[in-house]
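Shown next, in structure tokens, is the structure this report addresses.
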Amino acid sequence: MAAIGIFFGTDTGRTRKIAKLIARKLGDAAADPVNVAKAQPEDLLQYDALILGTPTYGEGALPGLDFGCQGESWHEFLPKLEGLDFSGKTVALFGLGEQEKYPDVFVDAMGTLYDQLLAGGARFVGEWSTEGYSFNASTAVEDDKFVGLALDLVTQNHLTEQRVEDWLALIRPQLLPA
Ligand SMILES: Cc1cc2nc3c(=O)[nH]c(=O)nc-3n(C[C@H](O)[C@H](O)[C@H](O)COP(=O)(O)O)c2cc1C
């Protein structure tokens, strides 16, 4: 089994695309990305190292049927993780959003994943500077940093590849056992 599990939610496919890019760059260390719409909690729990990705929908919400998405996603899946033990697990998050159109709730869904898994005992890696972004507020910011990699494929797509590359250089050694 690969060391790192990658799970994502998506509606229009961008987060899947990034999950696949991350998997490709990690090579044998990572399993094929899995859409949470098709996952069970046990699928996540079998990994000690996880990369989780989500877009934000609604106004700062997780993707899912209640927020205009075509199918179930994190909004339906995250409650299934409530109360599960994530202690001993190392988690890196990435979140997609659109800062110009949603400047007050930019990548908020990443903050929602963070809050719940933190309560479950997870250890997080991959916090990311807010420099180079333009937004007013985000629940995915703690102590002036994003809790994971924030990506805006709508207005800053030209920065995506390099951001992913730099972020992976940061988290790779923290996710893989020595
Ligand atoms: C109806 C709608 C609501 C959105 N709401 C937010 C939001 O509240 N905050 C944000 O940062 N981005 C928001 N976005 C932008 C999406 O998160 C962004 O387009 C993302 O790349 C979509 O990812 P996906 O292709 O994986 O579904 C919204 C987009 C749509 C279409």
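The values are calculated or read from the model by the stated rules, or taken from the named source; none is laboratory data. Bear in mind that the values here come from a model prediction, so they are computed numbers and not experimental data. All Cβ positions, even for glycine, are placed from backbone atoms using ideal geometry, and neighbour counts span all protein chains on display.
Answer yes or no as to whether Phe135 is within 13 Å of the ligand (Cβ to nearest atom), crowded, with 21+ Cβ neighbours inside 10 Å, touching a residue at least 24 places away in the same chain (Cβ under 8 Å) and in a loop (DSSP other than H, G, I, E, B). Criteria not met by Phe135.
With respect to Tyr102, is the statement that it is part of a helix (DSSP H, G or I) and within 17 Å of Pro55 (Cβ to Cβ) true?
In short, no.
A residue that is of a type in the set (A, V, I, L, M) and either touching a Cys at 6+ places or on another chain (Cβ under 6 Å) or more than 25 Å from Ala23 (Cα to Cα) (or both) can be found somewhere in the stretch 117-139.
Evaluation of Thr155 against the conditions (1) within 13 Å of the ligand (Cβ to nearest atom); (2) in a helix (DSSP H, G or I) shows that the sole unmet condition is (2). Residue count for the stretch 1-51 satisfying the condition of being crowded, with 16+ Cβ neighbours inside 10 Å, more than 16 Å from the ligand (Cβ to nearest atom) and either modelled with pLDDT under 95 or of a type in the set (A, V, I, L, M) (or both): 7. If only one of Gly88, Gly111 is more than 16 Å from the ligand (Cβ to nearest atom), farther than 20 Å from Ala39 by Cα and either outside any helix (DSSP H, G or I) or not hydroxyl-bearing (Ser, Thr, Tyr) (or both), which one is it? It is Gly88. Figure legend. Inter-residue proximity from the stretch 138-151: first residues modelled with pLDDT of 95 or more, second residues hydroxyl-bearing (Ser, Thr, Tyr) and assigned to a loop (DSSP other than H, G, I, E, B), beta-carbon distance below 8 Å, spacing 6+ or different chains. Indicated pairs: Val141/Thr130; Asp144/Thr130; Lys145/Thr130; Phe146/Thr130; Phe146/Ser138; Ala150/Thr130; Ala150/Tyr133; Ala150/Ser138. Would you confirm whether or not the stretch 51-71 contains a residue that is out of contact with any Ser or Thr (no Cβ under 7 Å at 6 or more places or on another chain) and closer than 22 Å to Arg172 by Cβ? Yes: one or more hits.
Using the structure shown, decide if Leu62 is surrounded by 14 or more Cβ atoms within 10 Å (Cβ to Cβ), over 13 Å from the mean Cα position of the chain (by Cα) and either at pLDDT 95 or above or more than 13 Å from the ligand (Cβ to nearest atom) (or both). It would help to see each step written out before you state the result.
Working: surrounded by 14 or more Cβ atoms within 10 Å (Cβ to Cβ): yes; over 13 Å from the mean Cα position of the chain (by Cα): no; either at pLDDT 95 or above or more than 13 Å from the ligand (Cβ to nearest atom) (or both): yes.
Here the answer is no, as Leu62 does not meet what is asked.
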